Amino acid sequence: MTTNRFARLPQREPITVVVDLGPGAAPVLQLCGPLPATRIEAALDTITARHPDARAWKTDLDRPGPGRHTVRFSTTDGPDPADFPLGALADLLTRAGRGAFTTRHQDATLLQRELLAAADAHPGPGRQVEQASFDWHGPLDVVRFTTAWHSVFARESVLRTAFDDQSEDALIVHDRPDPQVVHLTHDSAEWHTLVASDRRRGIDPRRPAPLRVTLLGGESAEAADLARTGPARVLLTYHHALLDSWSVRLLVREFYRAYLAGGELPGGQRRPDMSDYTAWLATQDTTAAKDFFTHTDAGADATDAVRVPPLFTDTAHRTEGRSRLRLTQEETARLADWAARWGGGESTALQAVWSLLLYRAGRAEGPCHVRFATTTAGRGILFEGIERTPGALAGPLPQSVLVDPHATVAQLMTHLRDHCLDQAAYEWVTAGQIHAWTRRPAPPADTLLTFETLPHALSELDAELAAHGIEVEPPQTLGAHTAYPLTLTAHHDSGDRLVLTASYDQARFCEITELLAHAALLLRELPRGAGPGTTLGDVLALLTHLGTDPAPGPVPATQQESPPPPAVLRPPAHPRAATLALLQAPGRTRAFYDRIARAYPGPENLLLLAPLPAGGAHAVTAARAAYDALAPHLRPGTGRPVLAAFCGDGVAACTLARLAAADGHRPRAVVLDTTTTDPDDLAHRLAAAARPHP
């Protein structure tokens, strides 16, 4: 019988990777935990295959004792080869050390690449990130809640997918899930503060968990406690490059099924999935789509109308703001009936209103084209099973609308309706493809309209939840921070009221909140008074008394904010004590690290660094900025500095350690797996890793 070199090992033994670096010295890895030599060799082979520059290094594996291995590196191709990807190796060993290293590669779609590039073009973790929430009324088993989500992550390959940090064209689907399911008691956090802090934390698409689930409350099912605290609340945060809003609603359904089944989702892997959709995309002929979009663009150029210039493109790198307005149920119904008179829907009416507001804000006169983007759901294509396939299918498409004050509202609504119907056949096309086909030098649209469409509700699932005394509502959108300076999202709440949520750069607060108020005003007033003969000029006149200066002025861009200084978890026990800096992991609170600091037995100066991206264009810049903030704490005459992180942050920890080595220090990077999350155990593992090894 052949022995499987990837046989699984005991799950409870922790794995720690320690990387020793020094100025001009070759790195040395110390590995502690249940790692047989065959598995370490397999990990080295995997890294060499994924990082061609790693072949310039020779490795020597030694076993100094039980549960201990040492890997020494030496160069083979010249005096100055590229650095060996130590962080990637540490992450691989700590993440998959006791399971198979099996992952599969998958091509990213053009839309996914564009959404990732848009996120990378804006420093910070919050771009292309959206949030939704729902309330849970009735009894809630927190353990079953967590287990059910873990089951969904294990089944759905999209939740185990991350972008390859070596190639933006590729995705890596991991064999083991790395779910982020966090439970907070009602008394530990205030809802609005939690939503804001979770939004600022963002989602790193290069980590295999594009969805984070946070449960606030649910610790007690007693009637008195529920009367005091209210229902449990669930926050869903996700990245657009891997998941869209439709997909999140599908995944919530699967969670309900798993919860009702005792925590385990029945059935095998989902098919079709994004790999099937990617294969379908590769078979599509773009000729008709190219003809449609180039003809549409040429038609806009054929008129004598000028284009309203972008209004918000200079607001980059500002603090994000959000504003929300809501129509009543009666106003929403009236708007739907009015739009149906012209063969359109509420989304058509919203596009018409937005076109008029951009025209007015740009101080346009006479016929003018306004540009904005709309989000297409991507679910109307001829791909079997598309409506039940979670992934990143929704994306922005550019729109150019002619606003002529002498034209009627009916003509504008009819044009928008017809264009939407014609464009529906090409929901799989991306904005990047359209730009390449039209080669338009004009600035891109700087506002994005999203009208959310949701999967059909499953009455039998709601009935089964109700039989257990549980009442839930469809997840409600809280807003999206896209690459556009202004994003306007429309959706219906549980009371069937139309809700408008604007996400924008805070520098534009006054102008954008005014635009939002004017949008709500027109959505209310048009159904009351706009008939077949009402002109666009008549509608614009309605707004003349509401603001003296409708055009936002330019706001100069500001430079990216510096990272926060390291937080002191515990001061050094004596002046010569070394510094141990912990890199905060996504989903881990400051209180968690405070508990580690209280249990830590060593004398070191304990610091906490803000989270860093796992990869992308800004990863090195962010690490450099973090090291510049850390450097003053690395005092001469003290012990070796230690940069510590959990699995998934090994690349960032090793990058910081290399910067310290280049600064003349002899740092040590420590990467821990998450076999245990007990702060006492982690504190003692850190202390052991910080001590010199024989």
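How big is the antiparallel share of DSSP beta bridges in region 567-690, given as a percent to the nearest 5?
20
In the chain, what percentage of the DSSP-assigned beta bridges are antiparallel, given to the nearest 5?
Rounded to the nearest five, the antiparallel share is 75 percent.
Please list, by residue number, everything in region 141-174 whose backbone N is under 17 Å from a paramagnetic label point 7 Å out along Cα→Cβ of residue 436. Only 168-170 fall inside the zone, counting backbone N under 17 Å. The fraction of Cα-Cα pairs per 10 angstrom bin, counted from 0 for region 589-693, comes to 14, 47, 34, 5 percent, rounded to whole percents. Among 275, 24, 217, whose Cα lies farthest out toward the positive end of the dipole of the chain, if unit charges sit on the beta carbon of Lys, Arg (+1) and Asp, Glu (-1)? Value: 24. Label separation (residue 681 vs residue 306): 6.9 nm, computed from points 7 Å beyond Cα along the C-beta direction.
From helices alone, the chain scores -11000 deg cm²/dmol at 222 nm; the rule is -39500 (n - 2.57) for each run of n ≥ 4 DSSP H residues, then divide by the residue total. The tail of the calculated P(r) for region 125-270 beyond 20 Å holds 49 percent of all Cα-Cα pairs. Among the GluC sites (Glu not before Pro) within region 360-446, those in coil by DSSP and having at most 11 neighbouring Cβ atoms inside 10 Å are 365, 384.
For Cα pairs less than 8 Å apart in space and 6+ apart in sequence, what is the mean separation divided by the residue count of the chain, i.e. the relative contact order in percent?
17
Ordering 601, 632, 619 by Cα displacement along the dipole of region 567-690 toward the positive end leaves 632 in first place; charges were set at the Cβ atoms of Lys, Arg (+1) and Asp, Glu (-1).
Among 374-382, 48-56, what's the highest-first ranking by average C-beta atoms within 10 angstrom per residue?
Packing order, densest peptide first, comes out as 374-382, 48-56.
Placing +1 on the Cβ of every Lys and Arg and -1 on the Cβ of every Asp and Glu, with no other charges, gives the chain a dipole of roughly 2120 debye about its Cα centre. Relative to its Kirkwood radius, the Cα radius of gyration of region 344-404 gives an Rg/Rh of 1.13.
Among 681-689, 198-206, 521-529, sorting by the average number of other beta carbon atoms lying within 10 angstrom of each residue, highest first, gives 198-206, 681-689, 521-529. The length gained by stretching the chain between residue 169 and residue 513 to full extension, at 0.36 nm per residue less their Cα-Cα distance, is 120.0 nm.
The largest-to-smallest principal axis extents of the Cα set in region 434-540 are 56, 40, 33 Å.
Measuring how big the chain is from its alpha-carbon positions, Rg and Dmax come out at 27.4, 88 Å. Peptides 153-164, 268-279, ordered by how many other C-beta atoms sit within 10 Å of their residues on average, highest first, read 153-164, 268-279.
Only the coordinates and a few stated rules stand behind these numbers; no lab work does. Note that this is a predicted model, so its numbers are computed, not measured. Every residue, glycine among them, receives a Cβ derived from its backbone with ideal geometry; neighbour counts consider all protein chains shown.
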